[in-house]
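Structure record follows, encoded as structure tokens.
The values are calculated or read from the model by the stated rules, or taken from the named source; none is laboratory data. Just so you know, these numbers come straight off a predicted model, no measurement behind them. Every residue, glycine as well, gets a Cβ built from its backbone with ideal geometry; the counts of neighbours run over all protein chains shown.
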Amino acid sequence: MKIALFIPPLTQINTPYPATAYLKGFLKTTLYQDIFQADLGLELILAIFNKKTIGQLFDEAALKPNLSKNITNILQLRHRYEFCIDTVIQFLQNKNPTLAHKICGSDYLPQASRFNALNDDIEWLFGSMGIHDRAKMLCTLFMEDIGDLIVEAICPYFGFSRYAEDIARSATSFSPILTQLEAPNNTLDNILIALLDKHILSEQPDLVILTIPFPGNVFGAFKAGQHIKNNYPHIKVSMGGGFPNTELRSLADARVFDFTDFISLDDGEKPLLNLLEFLDGKRDLSQLKRTFIRENNTVKYINGCTSPDIAHSNSGTPDYTGLLLDRYISMLEMANPMHRLWSDGRWNKLTVAHGCYWKKCSFCDISLDYIGRYEPASAVVLADKIETIIAQTGTTGFHFVDEAAPPLVLRDLALEILHRKLDISWWANIRFEKTFSNDLCTLLAASGCIAVTGGLEVASDRLLEMMEKGVSVQQVAQVANHFTQSGIMVHAYLMYGFPTQTAQETIDSLEVVRQLFEAGALQSAFWHRFSMTAHSPVGLNPDKYHVIKIGPDEGTFANNDLVHDDPKGGDHDLYAEGLRTSLYNFMMANCLDWPVHDWFDFKTPKTKLPFNLIQKHIAETTGNDNEKLKYKIIWLGNPPEFIPQGKNTKVEIESGNGKLSTKMDTTSAQFIKKQLVKTLTSPKSLLTLNELLEHYTQETSFPKELLLYSETWKSLRASGLLLIRF
Ligand code: SF4
């Protein structure tokens, strides 16, 4: 059986959304080996942004009446857009870095409204950017100008990472999507269909799988399903992914199945395997797993398979082969360093653990399988996968796409990465757990960790407790500082509008954020408005959180986003703009000395927090080594030099701040020399601090305090000797 896995438009254009690679990797462990995958989103963008198609789009746009001045300007510069487009795409694909000089030339790229912000103060905005980043930013603005033309004159639903998102977002009824699906195809729809035809005719699949992670690719998926059902009725179509998992659990509109035959929920591996067995005649329809079908013109949910899901460690290694890996496009987002990481560069995606080990936060969909079922993989399995993916893709950047990567799995993975001498970069989403000590963060950094994201959310201890986040402001400050001190960028997810949040708490949370930036413990952040979802504890039990669900009535299509009233809380919408603007400035290190109430153009309370709250929290952070006797010892530093000097030995150690030089008795120095070699070469038999000190006493007859409180020990601790909790 031939299986075609498609990522419908549009998700990301800098890196493949990983679902098809995950499923392909899994299928490779089964009997079903004839698999094709394609990212229709990337292919759509490449099919639009080239000289030929841009010319056609300009022709079409020129016929439209009442175009804005901006689009009229773009049309007038048509020949420049046509001239530059292929160069720009090539540059954004990192294919020809030397083009940067040409692109930065003042007259090279045509400029429309997206360049206005630059023209105001180009040097300030560019700051100390290198020429490559400048060129990338100019190319991004150039692309966005063309995007504006497409939206105004060709297809109002276009975006670089979403397509017709507004139609699918919170669509309790399928009717608006259906209306749009039945409308005549626009030019972009026709390009998508031509791409689909090309693949279907060359691959001749029996089953097409469409992955739908976000509202922004729902319409693209249904458009593809519509075309297949109308033109290739022998091909079965199945849909799955994050959108069905969260939104379509109570699906009841049979019209949906004019566009697909099956919709599966939660992890895709087992439902897909069961579906293939059913299509192969080896399984009864009633034995499918978590799958919607249409029967007698009604929607039926089948969950008759009694065997469990595929264990995370048996789900195979993501297989990216077949995707156009060298043609992804990296645009540049200026303001937010983490969003830049997200949208810039191609990251191999890998999941460290299925689900979330915490699964308590009251705003989170913890009742759903993708959060609620926690299953980690071993460090050895993960490192094997990393090696396989590097061999497949030729790239060494990894994004661990966990809901919240467990610190202890990260610890073991870091040791395995170091043990295998893998030279990779990685970033992940974490919780600001106490476990992330200074030493653990240093270990993670040594293994290639370059950034973490984590939830500080409402930045208020009362509300953090109410949301069962399991962290306090103090803990977040300390842990964020540990990451930052280790050279790992920290991005905080921030939230406002949580149930009962008062105006005072909103102002105080902004003050916490301001102080975190001022202290250098945060480098990036983003405010999200609290949203009540049906599968979260707040949505399931609004009374407990003092909010009232006021809509919408449950529909027959997407049911997840709920509208609520918050009678005890402040007017949350009022604060949106001030929070956004202040954060933008904090990330640029601007106006960090402004009182936070100054960011709002209406009367607000003043913060009640002490001006040095975060500094005080950070200062409280250290613990003595004699409290860590059960911790294991890891030496990451360079081998010290041991220089005999009479009865003593001079110990010279390279540290980040130059060479540290201390003197100690030769017996102790010899002991250190021997032990450091051991911790370097044998990560599986690491000693605890207690064991090390006992060996020391046995071998030297000296009291353990002589080593533990020595200047040499202090120097070693400052230069790569880590104490890690196991
Ligand atoms: S918000 Fe994050 S940490 Fe909290 S339960 Fe959800 S996935 Fe876990």
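General remarks:
- Qualifying residue in the range 641-656 (condition: loosely packed, with under 13 Cβ neighbours inside 10 Å and at positive phi): yes
- Test: residue in the range 178-188 that is in a loop (DSSP other than H, G, I, E, B) and within 31 Å of the chain's Cα centre (by Cα): no
- Screening PHE26 on (1) surrounded by 19 or more Cβ atoms within 10 Å (Cβ to Cβ); (2) in contact with a strand residue (DSSP E or B) (Cβ under 9 Å, 6 or more places away or on another chain) shows it passes everything except condition (2).
- Check on LYS549, of a type in the set (Lys, Arg) and either out of contact with any His (no Cβ under 6 Å at 6 or more places or on another chain) or surrounded by 13 or more Cβ atoms within 10 Å (Cβ to Cβ) (or both): yes
Residues are listed down the side, and each one gets a yes or a no for (1) surrounded by 14 or more Cβ atoms within 10 Å (Cβ to Cβ); (2) assigned to a strand (DSSP E or B):
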| site | (1), (2) |
| --- | --- |
| THR667 | yes, no |
| PHE671 | yes, no |
| LEU676 | yes, no |
| LEU693 | yes, no |
| PHE702 | yes, no |
| TRP713 | yes, no |
| LEU716 | yes, no |
| LEU723 | yes, yes |
| PHE726 | no, no |
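- Checking each residue in the range 329-361 for being within 28 Å of LYS385 (Cα to Cα) and acidic (Asp, Glu) picks out only ASP344.
- Here is the figure for the range 651-673: residues that are modelled with pLDDT of 90 or more, among the charged types (D, E, K, R) and out of contact with any Asp or Glu (no Cβ under 8 Å at 6 or more places or on another chain) total 2.
- No other residue among LEU275, LEU341 is in contact (Cβ under 8 Å) with a residue 12 or more places away in the chain, away from the ligand (no atom under 16 Å from the Cβ) and within 27 Å of the chain's Cα centre (by Cα) apart from LEU341.
- Among the conditions (1) surrounded by 21 or more Cβ atoms within 10 Å (Cβ to Cβ); (2) aliphatic (A, V, I, L, M); (3) within 16 Å of the ligand (Cβ to nearest atom), VAL513 misses just one, which is (3).
- ILE634 vs. criteria aliphatic (A, V, I, L, M), more than 19 Å from CYS441 (Cβ to Cβ) and touching a Pro at 6+ places or on another chain (Cβ under 8 Å): no
- Candidate set from the range 34-59 (those that are assigned to a loop (DSSP other than H, G, I, E, B) and in contact with a helix residue (DSSP H, G or I) (Cβ under 7 Å, 6 or more places away or on another chain)); member that is surrounded by the most Cβ atoms within 10 Å (Cβ to Cβ): PHE49
- Unmet requirement for LEU323, which otherwise passes all of (1) part of a loop (DSSP other than H, G, I, E, B); (2) buried (at least 20 other Cβ atoms within 10 Å of the Cβ); (3) within 16 Å of the ligand (Cβ to nearest atom); (4) of a type outside the set (Gly, Ala, Ser): (3)
- Residue satisfying all of: in the range 411-460; of a type in the set (A, V, I, L, M, F, W, C) and touching a Gly at 6+ places or on another chain (Cβ under 6 Å); surrounded by the fewest Cβ atoms within 10 Å (Cβ to Cβ) among these: ALA445
- Top-ranked residue in the range 83-111 [being assigned to a helix (DSSP H, G or I) and crowded, with 20+ Cβ neighbours inside 10 Å; ranked as modelled with the lowest pLDDT]: ILE103
- Within the range 354-364, the residues that satisfy the criterion of being in a loop (DSSP other than H, G, I, E, B) and either near the ligand (Cβ under 7 Å from one of its atoms) or surrounded by 22 or more Cβ atoms within 10 Å (Cβ to Cβ) (or both) are GLY355, CYS356, TRP358, LYS359, LYS360, CYS361, PHE363, CYS364.
- Selection status of HIS312, buried (at least 22 other Cβ atoms within 10 Å of the Cβ), within 16 Å of the ligand (Cβ to nearest atom) and touching a residue at least 40 places away in the same chain (Cβ under 8 Å): no
- Pairs meeting the criteria (first residue in the range 344-369 and over 27 Å from ASP412 (Cα atoms), second residue away from the ligand (no atom under 13 Å from the Cβ), beta carbons under 6 Å, at least 6 apart or on different chains) are ASP344/SER330.
- Filtering the range 371-395 to residues that are touching a helix residue (DSSP H, G or I) at 6+ places or on another chain (Cβ under 6 Å) and within 20 Å of THR453 (Cβ to Cβ) leaves PRO376, LEU382.
- Output for the range 457-468, where each listed residue is within 15 Å of the ligand (Cβ to nearest atom) and in a helix (DSSP H, G or I): LEU463, LEU464, GLU465, MET466
- Count of residues meeting criterion [closer than 17 Å to CYS364 by Cα, touching a strand residue (DSSP E or B) at 6+ places or on another chain (Cβ under 6 Å) and without any contact (Cβ under 8 Å) to a residue 60 or more places away in the chain] in the range 459-499: 2
- Some residue of the range 403-411 being more than 15 Å from the ligand (Cβ to nearest atom), under 23 Å from TRP527 (Cβ atoms) and not in a strand (DSSP E or B): no
- Scope the range 412-452; condition away from the ligand (no atom under 15 Å from the Cβ) and charged (D, E, K, R); matching residues: ASP412, GLU416, ARG420, LYS421, ASP423, ASP439
- Filtering the range 370-400 to residues that are within 16 Å of the ligand (Cβ to nearest atom) and either over 19 Å from LEU23 (Cβ atoms) or free of Cβ contacts under 8 Å to residues at least 12 places away in the same chain (or both) leaves ILE371, GLY372, TYR374, PRO376.
- Residue within the range 60-74 that is crowded, with 23+ Cβ neighbours inside 10 Å, polar (S, T, N, Q) and closer than 30 Å to ASP133 by Cβ present: no
- Residue pairs meeting the criteria (Cβ under 9 Å; at least 6 apart or on separate chains; first within 21 Å of ASN94 (Cα to Cα) and of a type in the set (Asp, Glu), in the range 120-140; second in a helix (DSSP H, G or I) and at pLDDT 85 or above): ASP133/ALA100
- Of ARG255, ARG283, ARG290, all but one fail to be within 21 Å of LEU27 (Cα to Cα), surrounded by fewer than 19 Cβ atoms within 10 Å (Cβ to Cβ) and either in contact with a Leu (Cβ under 8 Å, 6 or more places away or on another chain) or modelled with pLDDT of 95 or more (or both); the exception is ARG283.
- Within the range 469-484, being within 14 Å of the ligand (Cβ to nearest atom) and part of a loop (DSSP other than H, G, I, E, B) holds for LYS469, GLY470, VAL471.
- Inclusion of LEU456 among residues that are in contact (Cβ under 8 Å) with a residue 12 or more places away in the chain and within 19 Å of the chain's Cα centre (by Cα) is warranted.
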